[in-house]
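What follows is calculated from the coordinates using simple rules that are stated; it is not laboratory data. Predicted model only: the values in this text are computed from it and were never measured. For neighbour counting, all protein chains shown are included, and Cβ atoms are generated from backbone atoms with ideal geometry for every residue, glycine included.
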């Protein structure tokens, strides 16, 4: 995208600058081209979906909807290559509830891949978690503004508006990724089952350094994807296509420790902050209010 003031990269699966008949149809009918559970987009609200698949950040698209990763189901092909032998017969199940020992939900697994024999009996499985990026700021406002006039506002400049939407990588790892590994990953690891994580290239770049191991020794496979602009023959605008751009294999416990352990700053800086707060309190002591008790 040439206009960095336009925060929306893809809306209902198409570039904001794409005004082909197909793109207009997807926008008008609020459709999802990325294998959602129903034909329509259901993000945020089923009746009033937030049809933003990815946003622009530093002039590059960042995936903000987990369903966006389902394009052509390449994520399941990649996960299956980690979970099972090459000649395995497998299928995938989405949104599978995972319970702990007390029967309480540890959350839903995004995709469970199951390998089965000729009689259809499952003999192995693995869990695939999809990690889209949280957004700081407000993305619904520019989305609704764009949808009122897609042609006229295809390259709108939203940069001067309050709460301009940006990827929030820190919250994505602390509030989403870390709990997934801790709770769901902990159960799977106790069962000696493998886990795969699909995430955006820019998100993975913000994670702490993970100790790599060989594929054969790994408990977790990190599959790294990016959106690349492609143009088919005869296409004028082109579209973004999901591409795997890297893979990293790790053991469970070292990866969990790396992601859940904060990088400490200097204790002297914290003491300095405490001293400043204390000094301010001494200079402007709190006002003591007398409260009269009723008889």
_Least to most buried among 181, 207 (fewest other Cβ within 10 Å first)_ = 207, 181
*Let me see the pair-distance distribution of the stretch 39-145: every alpha carbon pair, 10 Å bin width, integer percents in order.*
12, 34, 30, 18, 6, 0
*Can you give the FRET efficiency for residue 251 and residue 117, using 1/(1 + (r/R0)^6), R0 = 35 Å, r = Cβ-Cβ distance, to the nearest 0.05?*
0.75
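Cα-Cα pairs above 27 Å in the stretch 8-260: how many percent? Don't skip to the answer; put the middle values down first.
Details: 12684 of 31878 pairs.
Cα-Cα pairs of the stretch 8-260 separated by over 27 Å account for 40 percent.
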*Using label points projected 7 Å from each Cα along Cα→Cβ, tell me how many nm separate residue 182 and residue 37, to one decimal.*
2.6
*Residue exposure sequence - 280, 110, 86 - by fewest surrounding Cβ within 10 Å*: 86, 280, 110
*Starting from the Cα of residue 229, step 7 Å toward the Cβ, then list every residue of the stretch 57-82 with an amide N under 15 Å from that point.*
57-62
_I'd like the distance separating the alpha-carbon centroids of the stretch 97-132 and the stretch 237-280, in whole Å._
28
*Least to most buried among 189, 14 (fewest other Cβ within 10 Å first)*: 189, 14
*Efficiency of FRET from Cβ geometry, residue 59 and residue 277, R₀ 30 Å, rounded to 0.05*: 0.15
*Expressed in whole Å with the largest first, what are the equivalent ellipsoid semi-axes of the stretch 4-49 derived from the C-alpha gyration tensor as the square root of 5 times each eigenvalue?*
18, 13, 9
